[in-house]
Amino acid sequence: MMIELAAAAAAAAPKTAEYGLLPALKEGGPVSIGTFVILVIMSIGTLFIFFTKLWEQQKILNQHKKVRATFWSQPTLQDAAAKLEKDTPYRQIIDDGLRAQDQHTLLSDAQDQHDWPTIVMLRTKGAIDSKLKSGLSFLATVGSTAPFVGLFGTVMGILAALVKIGASGQASIDTVAGPVGEALYMTAIGLGVAVPAVLAFNWLQGRNKQISEEMLAFVNSIQGWISSNGAVKPTTARAAAAKAPAKPAAAPAKA
């Protein structure tokens, strides 16, 4: 008798409501699950593009340090180009400039000998800039749309929760606040996806601008080298240190 009463009481006791992301996805149905999957894809794409572009930029920045250290101290432009690794942006600019200088005589229209290599090197620089910018539009899109995707999931989750509450006929605070609060997970996830995307976009854009300015200065320096047959070129830090006058020795202290 006691066992039957305990079993009946357990069956009549209200079940404890489950809260969390997974219950919210089950409550929202296919729309909430689809929204969550879209936000996950956006997050994975953001991380992939960020680390890929960061690696590409760092390679170019490291090569720029090498150019400043050893490139300008070489006697000829061909020797300087040989110091750079093949299939790298700075080497590509040099190779295209030297090739344009050799092919200047093939032009049928009148063109200054030093203008054509500069045009070709600037064109190569523009292609490198475009490659560095590729993928950043995805970050901008994620940063601007992810909050609205999350908000859409929240609205649909609240709608589904309210429909079920209305169908059950129970409108107490515990039956309303739980499902509605769970629907806000999507808005939080959308913001969590958008903020890193915006930060990554702005940071990568700033580094791209720095790289573009450094390559433009490099093209101008190569133009000066070609126009002056090597007489005009930037002074490397090593050469500047060698040309710096030695400091006079300190006078001995008088007794």
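The values are calculated or read from the model by the stated rules, or taken from the named source; none is laboratory data. Every value quoted in this text rests on a predicted model; they were computed, and no experiment measured them. Don't worry about glycine lacking a Cβ; one is built from the backbone with ideal geometry, like all the others, and counts go over all protein chains shown. What goes into the accessible areas is simple: the full protein's heavy atoms, side chains included, and nothing from ligands, DNA or RNA. Shrake-Rupley method; radii C 1.70, N 1.55, O 1.52, S 1.80 Å.
Would you mind finding the one in F50, F36 that is modelled with pLDDT under 90, among the aromatic types (F, W, Y) and either within 26 Å of I222 (Cα to Cα) or surrounded by 15 or more Cβ atoms within 10 Å (Cβ to Cβ) (or both)?
One residue alone meets the criteria, F36.
Anything in the range 53-98 that is basic (K, R) and open to solvent by less than 20 Å² (accessible area, probe 1.4 Å)? List them, or say none.
K53
Among the residues of the range 196-230, how many are in contact with a helix residue (DSSP H, G or I) (Cβ under 6 Å, 6 or more places away or on another chain), open to solvent by 30 Å² or more (accessible area, probe 1.4 Å) and closer than 16 Å to D115 by Cβ?
Looking only at that region, the number is 1.
List pairs: first in the range 64-87 and on the phi < 0 side of the Ramachandran plot and touching a residue at least 40 places away in the same chain (Cβ under 8 Å), second of a type in the set (S, T, Y) and part of a loop (DSSP other than H, G, I, E, B), Cβ under 6 Å, 6+ apart or cross-chain?
W72/T236; S73/T236
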